[in-house]
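Reviewing the structure listed below.
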Amino acid sequence: MCENAKGEVTILYKNQLLSYSIFHKPPRQAQVVSSKTLNHQINTPKPPAADHPWRQYGRHLNGKPILEAHPDGAD
């Protein structure tokens, strides 16, 4: 591959000029849906499972809550 001062690019293989074309991938177009079926097309997220890690926040491995000491010493 060679580029000259004007910014033109040429491709050479064994001192032979190769012709080429630049490929521009088109952007992906979203699927068109009617407004009547829009709610069915949009997937609502499912709630996490009962054993999901964020549901276990603040618990020991045995399932009992962690007792936290208050910074001012009051319970």
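The values are calculated or read from the model by the stated rules, or taken from the named source; none is laboratory data. Just so it is clear, the structure is predicted and the values come from calculations on it, not from any experiment. Cβ atoms come from the backbone with ideal geometry, glycine included; neighbour counts cover every protein chain shown.
Looking only at residues of the range 31-52 that are of a type in the set (A, V, I, L, M, F, W, C) and either assigned to a loop (DSSP other than H, G, I, E, B) or closer than 30 Å to CYS2 by Cβ (or both), we find that the one that is modelled with the lowest pLDDT is ILE42. Filtering ARG55, ARG28 for residues that are of a type in the set (D, E, K, R), loosely packed, with under 10 Cβ neighbours inside 10 Å and at pLDDT 70 or above leaves a single hit, ARG28.
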